[in-house]
Each structure stands twice: as C-alpha cells, then as structure tokens.
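The values are calculated or read from the model by the stated rules, or taken from the named source; none is laboratory data. The structure displayed is predicted, hence computed values, not measured ones. As a convention, Cβ positions derive from the backbone with ideal geometry for all residues, glycine included, and neighbour counts pool all protein chains shown.
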Amino acid sequence: MNQPITTAAKIEQVLTQDRPRRRGAIIALLVVAVFGIASFFLFAKDKDTPLQFVAGEVTRGDLTIQVTATGTLAPLNQVDVGSEVSGMIEKVLVDFNDRVTQGQILARLNTDEQRARVVQVQAALAVADARVLQTAATVLETQLKLKRCQTLAAKGLCTAQDLDAAQAGYARAQADDASARAQVSQARATLDAEQTRLAKAVIRSPIDGVVLKRQIEPGQTVAASLQAPILFTLAESLAQMELRVAVDEADIGKVREGQTATFTVDAYGERVFPATIAQVRLAPLSVGGVVSYETILSLSNAELLLRPGMTATAHITVEEIHDALRVPNAALRFVPPVTAAEQKGGFMDQLLPRWGSRTRPSREDNDKSKRVWVPNNGQPRAIDVKTGPSDGRMTQIFADKRPDDGELKAGTIIITDTASKPQ
C-alpha cells in the first residue's frame, strides 16, 4: 500500500532536483567576475598615472663624517677604600659628597682587642730583652773562667779536661746569647706587625677627592678574611673626567687618538659637550655576539655638571671633507616607478600583477651601480655616479663624465621621490 508523501518530503525532492542548476549558476557568476577583473586591468589602466617628481639639488659644501657610540662617564681616578683588619666600626667621620684630603681619617674601628695584643707583644719583647742581659752575663762568666784555666794550664795547675770544659762552656754561653738576641728581633717584628694592624684600624683617605659611596655605618662589623671589604669609594677631582664608549667593530678602523668628539647626556637636553679621543683599547668586548672596542674620551668638567655613571651619546669626528660635491641620500635611494607599458604582459600578468615578479628580477637587483636621476622632458634619466663618505644625510659623489650622460655640478636638479598628480 503506497504511503502518502508529506509536504517536507516534497520540498526536499524539489531542492534535490534544483541542486545542479544552482551549481551551474554559481560557476557562471565566477566566470563573469573573472572576466570583469581582467577587463579592468586590460582597459581601465591603459594609461600611465601622471606622476610628478620631488626635486632635490646637487650642492657643494663641507661634509663631517662622524661615528656614533654610547657609554658612561667615569672619574679619571676612582679608588675603593677597604679595611685590612676585622672589627666593629666605631665612628664614621665622612658622608656622601664630602671632599677629603690625602691622609684624612674616614672611619675608626674598635681597637680594644688590638691594643691588648700590642701590650702582650710589648711584654714578650721585654722578656726577650731581659734574657739577652742574662745570656750576656753568662758569656762574661764563662769567658773569665776560660781565661783562668788557660793561665793555670800554662803553669801546669789546670788539667786539659778542665780547660776543655771551660772552652765548651764559653761556646754554649755565646750560642745562648745569640739565640736570646734573635728572640728579641722576633718579638720586635711581632710588635711592629701588631702596631701596624692597630694603625690600620683607622681608615684614611689615600687621595684628595670626593666621597662617591659610603657603605658602612657605626656599629657594623667588618670581616676582613680573604678579601678586604669596600667601605668607601672615592673619586679624584671631578673637574677632569673620562667617557668610556663602545665603538662598533665596523667603525673602529676610522677612530684614532687625538680626534675630536662631542657628546650629550639626557640630564642637559640638547647641550653639547666637547671631548677628545685619549685611547683606543685593543681588547675586544663581545656582548650578545656583537663585537665592539672600548674607547676612552677625555673631557673637562669645570662646571661640575657631569656626574659619574651618566649615560652619554658621543659623536666622534673621523673625517672632514671640504668643498665636496653632495647629493641627498634620498636621491641615491630613488628608483623610477615601472610604467604601464613595462607592466603589460600576458593575461596572467594583467589578472595577477605579481605573477611575473616571481621569475623576472627587479631592475634594482640587476643594477648594482649607484646612480642618480635627473628630469628630462618629464621623464627620469639616469646618471651613474661613484659615491664617497656620507654623514647620514648627504653623500659625496664623483660623477661619471660620459658624453651621453652629461655632467653633474652644483645646482643640477635631481629627483629624490615621486608623487601622483591629482586627477
């Protein structure tokens, strides 16, 4: 018995029958869209978009070639003052930024224990001195006894055995006296060492300068075992300082002692400070795979504006060129745009403009020579040039004097960029 067909089943059957028609309609729409895009590229862009040139000028003037490097300011002579003896800090007599003179007392350690050691060694020295007196008396006694035996032996009243014993006694007395005197020297040396240690409990300034750091407080214990702890950091006169910069290995060949430089620090905005190259160190510095060389710049800080540790950016003048023929760097980077005639190609080139770029090398890749472009009847014309040093904005050029190219000279108009004209 046939079952009745429901409304839902009828709708599904109609949709199933129309599916091939809908697929065909979609394909037809895609084909129309493709041909529409192709027509746009083939017909809508047949004309070049009018361009206008941004003009520059060849000039003559001076070029200052500089190398830029960063570093930190430091005093010419910086000294870390430590303690060679252990003990508790009893007094601290200076503070940050205080000016000090050579020999001035900076701090004192508690010396009670050290003074007791000095007294102990002094007593040992006194004992050694007393023993020397005792051994000297023994030497005198044995010497007199020996002389008597020698006199009696000449008369036959002293036996040879007694004479030998007197001589041996005198020799032993002399040995004891020498030992006692050596002990005196030893005790005196020990006393000198202990007195020196007592003197080192008073921390003094080794130079004239200023206190940059103070790392101790009264009551703090200093333990000087394997290494002397640093208590103060002193800097000699800050009127003369140095700037330590890291010069990149690509630029170090241009840097020489005696060259002039300028530098700036963030604390004083656009103010420029002068400096001079004092030393170019041979030892390399490698940080993150980048190799540089430490260069020392000497500078005057008579106004005391600069402080140790400030970060500075230095500009080292490595070459000065006078009356150079110059062009803006933008002129050397300029490449004329590809015209519509150059852009035309096969259907796929028009449909997909980057299609041919996968196989055709660019003009810039093929031409490694430097060139500038000059306007010629509304079109750019190339002139090959040789380039010299650059200051980052202008570059020295040596024009190729070829009859077909002409000659670049001061005042020649060159192209630095292009811009589309408004329609």
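Give me the residue from segment 52-102 that is outside any strand (DSSP E or B) and charged (D, E, K, R) and, out of that set, surrounded by the fewest Cβ atoms within 10 Å (Cβ to Cβ). Top of the filtered list is 95. The set of residues from segment 103-129 being in a helix (DSSP H, G or I) and polar (S, T, N, Q) comprises 114, 120, 122. Tally up the residues in segment 290-327 that are over 30 Å from residue 372 (Cβ atoms), acidic (Asp, Glu) and in a strand (DSSP E or B), please. Count: 1. In segment 185-210, the residues that are outside the structural domain of residue 82 (by TED's automatic domain parsing) form Cβ pairs under 7 Å with partners that are assigned to a helix (DSSP H, G or I) and among the small types (Gly, Ala, Ser), at six or more places apart or across chains, as follows: 187/124; 187/128.
Number of residues in segment 96-134 that are within 22 Å of residue 173 (Cβ to Cβ), out of contact with any Lys or Arg (no Cβ under 8 Å at 6 or more places or on another chain) and of a type in the set (Val, Ile, Thr): the value is 1. Just give me the residues in segment 240-272 being hydrophobic (A, V, I, L, M, F, W, C) and over 15 Å from residue 282 (Cβ atoms), in sequence order. Scanning segment 240-272 gives 241, 243, 245, 250, 261, 263, 265, 267, 272.
Residues in segment 222-238 that are under 23 Å from the mean Cα position of the chain (by Cα) and not acidic (Asp, Glu): 233, 234, 235, 238. Can you find a residue in segment 117-134 that is basic (Lys, Arg) and closer than 30 Å to residue 221 by Cα? There is at least one residue in segment 117-134 that is basic (Lys, Arg) and closer than 30 Å to residue 221 by Cα.
Only residues that are of a type in the set (Lys, Arg) and under 14 Å from the mean Cα position of the chain (by Cα) were counted across segment 256-291, and they come to 1.
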